[in-house]
Amino acid sequence: MKTLKVFLSLLILFALTYATNADAQIKVGYVDSEVILKQLPESQKVLSELEGMKKLYVDTIQAKEKDLKSNAEAFKKRYEDAQKLVESGTVKSEADLKKLNEEIQGLQKGLQEQDDALTVYKQKIQEDLMQKQNEMFKPIKEKITKAIENCAKELKINFVFDKADGSLIYGDKEYDITFKVLDKLK
């Protein structure tokens, strides 16, 4: 009988120890933010607005590219005509040759400036779209992050990672060792 009591006491002690250790285990979870974003109606609205803006910019860029191409073709034709004039001997004087050369160089310089301006415009548009996207998605991402934090706390999950990009979305402050590391470095 005494052996049974000892056995039961040890069994209960073991069960309590195991239960305590089970609670002390770190729990990790993950979410796929892309799936969450695709499911939210407000996210779809933002994506639609961004697509509209993008289309407007793409149309403008295509018009500028068409204009650049047209000017490049005009330059090519004028250059070929100038070559024919020089080869045929129509342009004989040094002054006429210099004038023709300056005209070609001016056209080439204008074409290069137009191409450079288009490149700068494309970069600016890309930056503007990225900034606008970040601004528009910020409240949605904050809402998602808050929901993730609440869910993690309810489920007693210590860390939540994003499957889409591997970033940490939620971390239990109890496990933050930032200042301990800083103390070691001082």
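Here are a few things to note about the model shown:
- Residues (farther than 27 Å from LYS124 by Cβ and hydroxyl-bearing (Ser, Thr, Tyr)) located in segment 55-110: TYR79, SER88, THR90, SER93
Quick grid of which residues meet (1) under 25 Å from GLU73 (Cβ atoms); (2) free of Cβ contacts under 8 Å to residues at least 40 places away in the same chain; (3) out of contact with any Gly (no Cβ under 7 Å at 6 or more places or on another chain); (4) among the hydrophobic types (A, V, I, L, M, F, W, C):
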{"residue": "GLU113", "(1), (2), (3), (4)": "yes, yes, yes, no"}
{"residue": "LYS124", "(1), (2), (3), (4)": "no, yes, yes, no"}
{"residue": "LEU129", "(1), (2), (3), (4)": "no, no, yes, yes"}
{"residue": "LYS132", "(1), (2), (3), (4)": "no, no, yes, no"}
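- Flag for ASN101 being modelled with pLDDT of 90 or more, within 30 Å of LYS27 (Cα to Cα) and more than 24 Å from the chain's Cα centre (by Cα): no
- Condition met for LYS92 (free of Cβ contacts under 8 Å to residues at least 12 places away in the same chain and under 30 Å from VAL58 (Cβ atoms)): no
- Single residue of GLU103, GLU80, GLU113, GLU65 found to be over 28 Å from GLU42 (Cα atoms), assigned to a helix (DSSP H, G or I), touching a Lys or Arg at 6+ places or on another chain (Cβ under 8 Å) and of a type in the set (D, E, K, R): GLU103
- Condition check for PHE161: part of a strand (DSSP E or B), in contact (Cβ under 8 Å) with a residue 24 or more places away in the chain, surrounded by 11 or more Cβ atoms within 10 Å (Cβ to Cβ) and not β-branched (Val, Ile, Thr): yes
- Residues of segment 100-131 that turn out to be surrounded by 12 or more Cβ atoms within 10 Å (Cβ to Cβ) and among the basic types (Lys, Arg), as a count: 1
- The set of residues from segment 59-76 being surrounded by 12 or more Cβ atoms within 10 Å (Cβ to Cβ) and of a type outside the set (Asp, Glu) comprises THR60, ILE61, LYS64, LEU68, ASN71, ALA72, ALA74, PHE75, LYS76.
- Among the residues of segment 164-176, the ones that are among the hydrophobic types (A, V, I, L, M, F, W, C) and either more than 14 Å from ASP32 (Cα to Cα) or assigned to a loop (DSSP other than H, G, I, E, B) (or both) come to 1 in all.
Residues are listed down the side, and each one gets a yes or a no for (1) in contact with a Phe, Trp or Tyr (Cβ under 6 Å, 6 or more places away or on another chain); (2) among the β-branched types (Val, Ile, Thr); (3) at pLDDT below 90:
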position: THR145; (1), (2), (3): no, yes, no
position: GLU149; (1), (2), (3): yes, no, no
position: LYS153; (1), (2), (3): no, no, no
position: LYS156; (1), (2), (3): no, no, no
position: ALA164; (1), (2), (3): no, no, yes
position: LYS173; (1), (2), (3): no, no, yes
position: ILE177; (1), (2), (3): no, yes, yes
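- Of all residues in segment 132-143 being within 18 Å of the chain's Cα centre (by Cα), surrounded by 12 or more Cβ atoms within 10 Å (Cβ to Cβ) and of a type outside the set (Phe, Trp, Tyr), the one that is farthest from LYS38 (Cα to Cα): LYS132
The values are calculated or read from the model by the stated rules, or taken from the named source; none is laboratory data. None of these values were measured; they are calculated from a predicted model. Heads up, the Cβs are rebuilt from the backbone with ideal geometry, glycines too, and the neighbour counts pull from every protein chain shown.
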